[in-house]
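Encoded as structure tokens, the structure appears first; notes follow it.
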Amino acid sequence: MDGSHISILFLLCIHPTLSGRIRIFGPKVDPVVSVGKDVVLECQTEPTTALSNLEVRWFKNDFSSPVHLYTNGHDLLTAQDSAFHGRTELFNKEFSSGNASLKLKNINAFDDGVYTCFIDFKQDYEEAKIRLYVGGMGQQPWVQLEGIGQKGIRVGCRSDGWFPEPHVRWMNGDRANLTGQSVTMEKDKTTGLFTVLNQVEVTSDSVDRFSCLMQNNVLKKEVEAHFEISGVFFPKTNIWMVVFSLVFILVIIVIICQIFHHRKKHQKVKELTLFCKLEGYQEQKINEVSVTLDEKTAHPKLELKNLNRMRLTDSEQTRKESGDCFKDLESVLGSNSFSGGRHYWVVEVAMNRDWSLGVVSESAERREKVEMLPENKFWTIQRLESDCYTNDATRSILDAKPTPEKVGVYLSYESGRVSFYNVATKSHLHSFTGNKFEEKLYPFLHSRDVDKWVKVSACCVLDLYKEPQSRASGKRRFRKLCVGSPY
């Protein structure tokens, strides 16, 4: 028997051993995911092997503290690392095809790292390692004057919410790179995200248009801020003139901010005066109080920020479920309850094309599917695509052109009136009248546009009273009483 026949016979003898070995494989390309999103870490047996009666263990740093553990025919969540509670899922229905992939939800910065897919085949075991890259895009950078340096003006570029640390570049108007002289990094212990401050010193011979670029090398994205510095900041002879100029500019900025604040407050007074006149009263004193959203009533997929903004997301938020929350409607109530008086607040709905807002009774249905109608204790209007409607039996199209970006809601409890106004145009949209309110009412927000913020603004509570006859001949006024005031 020659050498070639011997080699073939040898390969035939060892083939059953090689083909009988089960291997597991991860993804061909390392997965990359943004903070707040979900990701699937792929893990597949080859050849296909049923996993129902095997142990499937995912772990990151410690074998004994698994990210997820499946054994004895069920998920053993008691052994799970606390950092992953409620955020992991195996595709149990695909175990028959050898799919041991892990779904990891609501990614945060601490999830970045190497994960191991470990399968115990009883007589043997196999494992595959998957490198997960997590990226967080920070806020748009803002540029600020940091002070006077040795050779010029020190300018800082700051941004929050990055992971990992961003790569920072400075460029002049010719897109030539400049060197940032100092970098400060701060890491949030709760979120793991970075705040970065990068500084550069601008000299008199480099007066130009500048750019600060921050790049996330994991997500392959960058954001940029532009600014210009005039030559007046670089006097030739007297450094004190530079200091004086900076102080002068800061004073001007403060004055402008004060003017803007007072104009905004005056505008708010004009808006509220309009609503007071609707009921025939001409004089009023106006202040503001905060309106907050009640997290316990929020639909599981609603994200709340600063308790005055909300938006719909693709996944459920990590908060304790309450029996008071909406289960079917993507809605939330305000924390403020109204059982009398007159109230006015503003809801910002710009860029949102599917919303409803108004008031709802305390006993209105929240757990089951229900139409937002007055007979179901909802007094609301709705926008759907380009039109606005009344949420009642008529479903009337409102005369709301241009489409409102801010909607004022006016509630007069005793008179049974709920009115809606386009804040920008001061125009009336719709009123529900003739109601007899007998229980607490709450501000109501509903949105079905994913990732579009809805914000509720300040609320005013008005109390009616008469002045003595000797002073105003019975003239009636409004006196503003803030929620929580001592009156």
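The values are calculated or read from the model by the stated rules, or taken from the named source; none is laboratory data. Please read all numbers here as calculations on a predicted model, not as lab measurements. Ideal geometry is used to build each Cβ from the backbone, glycine not excepted, and the neighbour counts take in all protein chains shown.
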message = Let me confirm something: among VAL243, VAL202, VAL196, VAL183, which residue is among the aliphatic types (A, V, I, L, M), out of contact with any helix residue (DSSP H, G or I) (no Cβ under 8 Å at 6 or more places or on another chain), farther than 30 Å from SER427 by Cβ and modelled with pLDDT of 80 or more?
response = VAL196
message = I want to confirm something. Restricting to the range 352-366 and keeping residues that are in a loop (DSSP other than H, G, I, E, B) and of a type in the set (Asp, Glu), which single residue is surrounded by the fewest Cβ atoms within 10 Å (Cβ to Cβ)?
response = GLU362
task = Could you please find all residues in the range 24-48 being surrounded by 19 or more Cβ atoms within 10 Å (Cβ to Cβ) and either free of Cβ contacts under 8 Å to residues at least 24 places away in the same chain or assigned to a loop (DSSP other than H, G, I, E, B) (or both)?
result = GLY26, VAL35, CYS43
query = In this structure, does ARG319 turn out to be at pLDDT below 90 and within 15 Å of the chain's Cα centre (by Cα)?
reply = yes
note = Checking GLU55, GLU89 in turn, the sole residue that is farther than 21 Å from PHE163 by Cβ, touching a Lys or Arg at 6+ places or on another chain (Cβ under 8 Å) and in the same structural domain as VAL29 (by TED's automatic domain parsing) turns out to be GLU89
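Report, by residue number, each residue of the range 394-416 that is loosely packed, with under 12 Cβ neighbours inside 10 Å and under 29 Å from the mean Cα position of the chain (by Cα). Spell out the reasoning first.
Applying the first criterion (loosely packed, with under 12 Cβ neighbours inside 10 Å) to the range 394-416 yields 394-395, 397, 399, 402, 414.
Residue satisfying the conditions is PRO402 alone.
Could you tell me which of the residues GLU89, GLU94, GLU55 is modelled with pLDDT of 95 or more and under 20 Å from THR318 (Cβ atoms)? Explain how you work it out, then say what you get.
On the way: GLU94 fails: under 20 Å from THR318 (Cβ atoms); GLU55 fails: under 20 Å from THR318 (Cβ atoms).
Of the residues listed, the single one that is modelled with pLDDT of 95 or more and under 20 Å from THR318 (Cβ atoms) is GLU89.
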query = Which members of the range 49-87 meet the condition of being crowded, with 16+ Cβ neighbours inside 10 Å, among the β-branched types (Val, Ile, Thr) and touching a strand residue (DSSP E or B) at 6+ places or on another chain (Cβ under 6 Å)?
reply = VAL56, VAL67
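Touching an Asp or Glu at 6+ places or on another chain (Cβ under 8 Å) and small (Gly, Ala, Ser): is that true of GLY334 in this structure?
Working: touching an Asp or Glu at 6+ places or on another chain (Cβ under 8 Å): yes; small (Gly, Ala, Ser): yes.
Judged against the criteria, GLY334 is a match.
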message = Can you confirm whether LYS369 is part of a loop (DSSP other than H, G, I, E, B), of a type in the set (Lys, Arg) and free of Cβ contacts under 8 Å to residues at least 24 places away in the same chain?
response = no
query = If only one of GLY98, GLY36 is touching a strand residue (DSSP E or B) at 6+ places or on another chain (Cβ under 7 Å) and assigned by TED's automatic domain parsing to the domain that holds PHE110, which one is it?
reply = GLY98
ask   = Would a scan of the range 144-160 turn up a residue that is surrounded by 19 or more Cβ atoms within 10 Å (Cβ to Cβ), touching a Lys or Arg at 6+ places or on another chain (Cβ under 8 Å) and assigned to a strand (DSSP E or B)?
value = no
task = Filter the range 109-132 down to residues that are surrounded by fewer than 19 Cβ atoms within 10 Å (Cβ to Cβ) and either among the aromatic types (Phe, Trp, Tyr) or in a loop (DSSP other than H, G, I, E, B) (or both), then give me how many there are.
result = 6
request  = Go through the range 205-220 and count every residue that is at pLDDT 85 or above and part of a strand (DSSP E or B).
outcome  = 6
message = Cβ contacts < 7 Å: first residue more than 30 Å from VAL243 (Cβ to Cβ), restricted to the range 152-167; second residue buried (at least 17 other Cβ atoms within 10 Å of the Cβ) and among the aromatic types (Phe, Trp, Tyr), any location; separation 6+ or different chain. Result?
response = TRP162/PHE194; PHE163/PHE194; GLU165/PHE194
task = Output the residues belonging to the range 64-90 that are free of Cβ contacts under 8 Å to residues at least 60 places away in the same chain, closer than 19 Å to GLU42 by Cα and either of a type in the set (Gly, Ala, Ser) or assigned to a loop (DSSP other than H, G, I, E, B) (or both).
result = PRO66, VAL67
query = Restricting the search to the range 336-357, which residues are of a type in the set (Gly, Ala, Ser) and in contact (Cβ under 8 Å) with a residue 60 or more places away in the chain?
reply = SER337, SER339, GLY340, GLY341, SER356
Any pair with Cβ under 8 angstrom, 6 or more apart, that starts in the range 113-131 at a residue that is free of Cβ contacts under 8 Å to residues at least 40 places away in the same chain and ends at one that is surrounded by 12 or more Cβ atoms within 10 Å (Cβ to Cβ) and aliphatic (A, V, I, L, M) = TYR125/ILE119
